[in-house]
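To start, the structure under review is shown below, and the notes come after it.
The values are calculated or read from the model by the stated rules, or taken from the named source; none is laboratory data. Remember, it's a predicted structure, so these values are computed and weren't measured experimentally. All Cβ positions, glycine included, derive from the backbone under ideal geometry; neighbour counts span all protein chains shown. When the accessible area is computed, the model is the full protein with side chains, heavy atoms only, and any ligands, DNA or RNA have been set aside. Shrake-Rupley method; radii C 1.70, N 1.55, O 1.52, S 1.80 Å.
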Amino acid sequence: MMLIEETAIADAALPVDQFKAHLRLGTGFVESSVQNEVLNGFLRAAIAAIEARTGKVLIEREFSWSLSGWRDAAGEVLPVAPVVTVGAVTIRDAAGLESTIAPDAYRLEQDSQRPRLRPKGAMLPNIATGGSVKITFAAGMSADWGGLPADLGQAVLLLAAHYYEYRDETALGAGCMPFGVTSLIQRYRVVRFGAGVTQ
């Protein structure tokens, strides 16, 4: 399995001015934009960390997901949420020949935790031994920063500020995330009941 982010978040979509205010950086100076590239980096890192913890894509963008076979031919759980649209489903055989599945052969079952690609018939199209399938889709909670839930937006700013303030710190443990951030994102995390539960 391989998930690829086909489009990145545009710099213009990042809340740099809001982040500067959060950090209480000075304004009105001639060189006030000199740190923008650095601040963009911290915002992108914070967004990526929160997306990894929650399994949710914050700002809408395009992805492709490749599989060597269906885990469940009656409905494949997509790797991130929420999925907005499925662009295409392409099957590749062992010889490398590709065929695009007609859109009327499948449907998107939208879900805030586990969106699925469902067949309109009994099963999703067969993938031959040695073949693969590639699903392209758009996912995201909002098309822009302003549409994000306030708690997630605040979590991004808090985590980006943490990265900014401790950018030279090397003693923090792996996966360290400030308590304020973990409490803000807690309700968005996927809940799993029991070790044997399938998605």
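Quick notes on this one:
- Within segment 75-106, the residues that satisfy the criterion of being among the charged types (D, E, K, R) and either within 21 Å of I4 (Cα to Cα) or open to solvent by less than 20 Å² (accessible area, probe 1.4 Å) (or both) are E76, R92, D93, E98.
- The numbered conditions (1) at pLDDT below 95; (2) within 22 Å of the chain's Cα centre (by Cα); (3) closer than 22 Å to N126 by Cα are all true for A73 except (2).
- Any hit, segment 12-32, residues being acidic (D, E) and within 30 Å of M123 (Cβ to Cβ): no
- For the residues E62, E98, the requirement of being of a type in the set (D, E) and over 23 Å from the mean Cα position of the chain (by Cα) singles out E98.
- Only one of the listed residues (A161, A150, A155, A139) is open to solvent by 30 Å² or more (accessible area, probe 1.4 Å) and among the aliphatic types (A, V, I, L, M). That residue is A150.
- So L117, is it out of contact with any His (no Cβ under 6 Å at 6 or more places or on another chain), open to solvent by 20 Å² or more (accessible area, probe 1.4 Å) and part of a strand (DSSP E or B): no
- Residue satisfying all of: in segment 43-91; among the small types (G, A, S) and assigned to a helix (DSSP H, G or I); nearest to L23 (Cα to Cα) among these: A46
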